[in-house]
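The values are calculated or read from the model by the stated rules, or taken from the named source; none is laboratory data. If you're wondering where the values come from, they're calculated on a predicted model, not measured in any experiment. Cβ placement follows ideal geometry from the backbone for every residue including glycine, while neighbour counts extend to all protein chains displayed.
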Amino acid sequence: MKFCSQCGNPVAQQIPAGDNRLRFVCPQCQTIHYQNPRIIAGCLPVWGEQVLLCRRAIEPRRGFWTLPAGFMENGETLEQAAARETLEEACARVQGLSLYTLFDLPHINQVYMLFRAELVDLDFAPGEESLEVQLFHERDIPWSELAFPTIGRTLECYFADRPQQLFPVRNEPLAALRAHYKKT
């Protein structure tokens, strides 16, 4: 950040009184500009024994497969954001959303929150951010072509939990996620 969104003057980094972190502060109008992590909300859409994946039409990781997910917008709940992203990216409607995986990614200031959900019907198609949308059985998942470790880990957890039909909310530390994917 270089300029204050309130008055347009240059900002400086400093620790404001009563705080303990560097913040962008406007010396002119004294506005403190807080920057907080972005929330990524998405779905693991399920139809019977299959899951719905989208091939990304945008960067980062264009051409790789992912679950429908994206940035939460102001004025919506997590569930609304996850359902909206699924509709935008896969033109698919979901129901029965249940929080499933939560990943903190402090190195890029993001928090991933993915919900398990049931597809309402088989009426889906690529949205503007997807090249292709497809249902996959576990054996057919393109594991080496998944866009992000958070997506791969969510799918691994789902297929491990599915036989018992017990789906606890999983919150795994980033270090464990990184270590797991360095091995594969």
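Within the stretch 72-179, considering only strands (runs of 3 or more DSSP E) that don't extend past its boundaries, which have at least 1 residues that are small (Gly, Ala, Ser) and either surrounded by 14 or more Cβ atoms within 10 Å (Cβ to Cβ) or under 15 Å from the mean Cα position of the chain (by Cα) (or both)? It would help to see each step written out before you state the result.
Values: elements: 94-105, 110-119, 130-136, 170-172.
Because the criterion is at least 1 residues that are small (Gly, Ala, Ser) and either surrounded by 14 or more Cβ atoms within 10 Å (Cβ to Cβ) or under 15 Å from the mean Cα position of the chain (by Cα) (or both), the strands (runs of 3 or more DSSP E) in the stretch 72-179 that meet it are 94-105, 110-119, 130-136.
Of the residues making up the stretch 1-55, just one is in contact with a Leu (Cβ under 9 Å, 6 or more places away or on another chain) and among the aromatic types (Phe, Trp, Tyr), namely Trp47.
Tallying residues that are touching a Lys or Arg at 6+ places or on another chain (Cβ under 7 Å) and among the basic types (Lys, Arg) within the stretch 54-88 yields 2.
Taken over the stretch 144-184, the criterion of being more than 20 Å from Phe115 (Cα to Cα) and modelled with pLDDT of 95 or more is satisfied by Ser144, Glu145. Does any residue of the stretch 36-46 turn out to be at negative phi, more than 15 Å from the chain's Cα centre (by Cα) and either crowded, with 16+ Cβ neighbours inside 10 Å or modelled with pLDDT of 95 or more (or both)? There is at least one residue in the stretch 36-46 that is at negative phi, more than 15 Å from the chain's Cα centre (by Cα) and either crowded, with 16+ Cβ neighbours inside 10 Å or modelled with pLDDT of 95 or more (or both).
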